Amino acid sequence: MPKNPHPLTPGPAPTAPPVLDDVDRAIIAGLVADGRISNAALARQVGIAESTCVGRVRSLRERGVITGFHAAIDLARVGRPLQAVVAIRLGGHDRGQVDAFGEEMAALPGVLSALNISGADDFLVHLCAESPDQLRDFVLDNISSRPGVSHVHTSLIFRSHASPALP
């Protein structure tokens, strides 16, 4: 059997997800619905004391369940009405190269997310742009001309139907 010229080193060991009870889930749902909700309002909504709510939110943050609070932005109203997903295939699969590529993509202006995926492609990069010309220039200058990239496929997003709610 031939040796793999691009062996992957083992990744981190899997960890057990934190145990969440109904109160934790209600707090998460309240924060997903309104990340700016006051502690007092969240406590009333969930049906717990304010001091308990503060402690629960702190615990959820310390356990890595809540990783941050973010503003939802209307990209068109900030001059970036065009969105696209770029499927990228790399020529090699060295862990260092793959990890570095993802970090570099995520750091580029206009990139909303860089997802390392399985299948025929290695990454999906979700980005926003001011115009078709800016999108084209971005893909040519920052993705397809990059060493190690063997294939690029860009798809425009007509409309997003995302929901922040948990299942």
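Taken together, the values in this text are just the output of simple stated rules run on the coordinates, not laboratory data. The model shown is predicted, which means the values in this text are computed figures rather than measured ones. No Cβ is skipped: glycine too gets one built from the backbone with ideal geometry, and neighbour counts run over all protein chains shown.
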The chain: relative contact order in percent, alpha carbon pairs under 8 Å with at least 6 residues between
24 percent
Under a point spin-label approximation (7 Å from Cα along Cα-to-Cβ), what is the THR15-VAL54 distance to one decimal in nm?
2.6 nm
Which longest uninterrupted range of the chain lacks any trypsin sites (Lys or Arg not before Pro) assigned by DSSP to a loop state (not H, G, I, E or B) and surrounded by at most 12 other Cβ atoms within 10 Å?
37-158
The range 75-157 - Rg over Rh from alpha carbon coordinates, Kirkwood radius:
0.96
ASP22 and VAL149 label points (each 7 Å along its Cα→Cβ direction) are spaced in nm at 5.1 nm
Roughly how many nanometres apart are two label points built 7 Å out from the Cα toward the Cβ at ALA107 and HIS126?
2.2 nm
Quarter of the surface of the C-alpha convex hull for the range 14-53, i.e. direction-averaged projected area in nm², equals 3.3 nm²
Suppose the Debye formula is applied to equal point scatterers at every Cα of the range 30-105; what is log10 I(q)/I(0) at q = 0.14, 0.24, 0.25 Å⁻¹?
-0.75, -1.08, -1.12
Rounded FRET efficiency, nearest 0.05, which uses the C-beta distance separating ARG95 from ALA29 and R0 of 35 Å
0.45
Using every Cα-Cα pair within the chain, state what percent have a distance larger than 28 Å.
45 percent
Neighbour-limited loop hits for GluC sites (Glu not before Pro), the range 86-140 (at most 16 other Cβ within 10 Å; DSSP other than H, G, I, E, B)
GLU130
Pick from LEU124, LEU156, LEU20: which is most flexible by mean-square fluctuation in a GNM of the chain where alpha carbon atoms under 10 Å apart are linked?
LEU20
Give the residue from LEU75, ILE117, PRO14 lying farthest towards the positive end of the charge dipole for the chain; charges sit on Cβ (+1 for Lys and Arg, -1 for Asp and Glu) and the dipole is referred to the Cα centre.
PRO14
To the nearest 20 debye, what charge dipole does the chain have about its Cα centre, counting +1 at the Cβ of each Lys and Arg and -1 at the Cβ of each Asp and Glu?
260 debye
